[in-house]
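Laboratory data are not the source of any read-out in this text; all were calculated from the coordinates shown. Quantities reported herein were computed from a predicted structural model and do not represent experimental measurements. Here the Cβ is made from the backbone with ideal geometry for all residues, glycine too, and neighbour counts use every protein chain on show.
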């Protein structure tokens, strides 16, 4: 049987800009799988926002992320790429993070070259570590994985600090060190996106942050550029936040949900999203 890591590797290798929505929890992951997506992403920013109610400024811990991976991977059967931030320390810490993520059910890890505490890739004021420090982290990640198909995605935030040429140079070196996929964060022009996809020899990730620095691209354009995946890390979270604000705002003003009924999932939709029928079947089987 093909492992989830092998499935994720195959998805990236197709270079057809596979749609990869992000999830901060198992409920949204169920929705993603039920809609037919073939992979998903666990966003460090999303988990931080949803779990801690805090911004993406390096506050989440490795163990907190591992707990989320375990819950989400237990709920779904599609492969998960998981945000590893800066690896939660030096190269030795990266090795432990990779082993912990893999045991918890991740099919790949994304590691970035920011200085800790890191920031969202579309925030101002970022700083990056030396290329050599990041290379050691990538080598440690490759050494630590148990499954050779477990995907190591190396992200660079160097565009914001040093420009596109430095970012591409770093990405080439990351590949030589063992990265399976690279991820050049926050390009600001279509021309830079095309260069990233064409000049780097391994699959690339396009990251669209609603309201962020990278311009929106059509899915057809991303396919033509041969991106490995199109990441929409926090679309579900942002949609939920808007809906929760609207519905609870109306409830506060009117004391009723009647005017926003069409914005609420039905009782049946809610139970379907948590697969209650499967739990009912188990209860009947073991009664």
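Want the number for residue 216 to residue 258: 0.36 nm per residue separation, take away the alpha-carbon distance, what's left? Kindly include the intermediate steps, with their values, before the conclusion.
On the way: separation 42, 0.36 × 42 = 15.12 nm, distance 3.59 nm.
Extra length available between residue 216 and residue 258 comes to 11.5 nm.
Mind checking the angle between helix 235-254 and the chain's longest principal axis? C-alpha axes, 0 to 90 degrees, to the nearest 10.
40 degrees
Restricting to Cα atoms and excluding each atom paired with itself, what does the Kirkwood estimate give for the stretch 28-137 in Å?
Working: mean 1/r = 0.0695 Å⁻¹.
Hydrodynamic radius (Kirkwood, Cα pairs) of the stretch 28-137 is 14.4 Å.
Would you mind putting 223-236, 205-218, 63-76 in packing order, based on average other-beta-carbon counts within 10 Å, highest first? Don't skip to the end; give the middle numbers.
Details: 223-236: 21.5, 205-218: 16.4, 63-76: 18.6.
Going by the mean number of other Cβ atoms within 10 Å, highest first, we get 223-236, 63-76, 205-218.
Roughly how many whole Å is it from the C-alpha centroid of the stretch 182-208 to that of the stretch 65-112?
23 Å
Find the all-direction average of the projected area of the Cα convex hull for the stretch 241-285, expressing the result in square nanometres with one decimal place.
Working: hull surface 15.9 nm².
Projected over every direction and averaged, the Cα hull of the stretch 241-285 covers 4.0 nm².
Using Cα atoms only, what is the angle between the long axis of helix 4-14 and the major principal axis of the chain, expressed in degrees (0 to 90) to the nearest 10?
Relative to the chain, helix 4-14 is tipped by roughly 60 degrees.
Along Cα→Cβ, 7 Å out, is where each label goes; now give me the distance between the ones at residue 96 and residue 10 in nm to one decimal.
Each label point lies 7 Å from its Cα, and together they span 3.6 nm.
Based on the mean of other beta carbon atoms within 10 Å per residue, what is the order of 129-142, 270-283, most packed first? Mind dumping the intermediate values first?
Values: 129-142: 19.4, 270-283: 11.9.
Result, highest mean first: 129-142, 270-283.
Two decimals, Cα atoms only, Kirkwood Rh: what is Rg/Rh over the chain? Before the final figure, lay out each step's value.
Working: Rg = 19.5 Å, Rh = 19.6 Å.
Reported Rg/Rh, Kirkwood definition of Rh: 0.99.
Which order results if 149, 113 are arranged by neighbouring Cβ count within 10 Å, fewest first? The partial results should precede the final answer.
On the way: 149 18, 113 29.
Going from sparsest to densest Cβ surroundings: 149, 113.
On average over all directions, what projected area in square nanometres does the stretch 142-287 have, based on the convex hull of its Cα atoms?
Working: hull surface 60.0 nm².
Directional mean of the projected Cα hull area for the stretch 142-287 stands at 15.0 nm².
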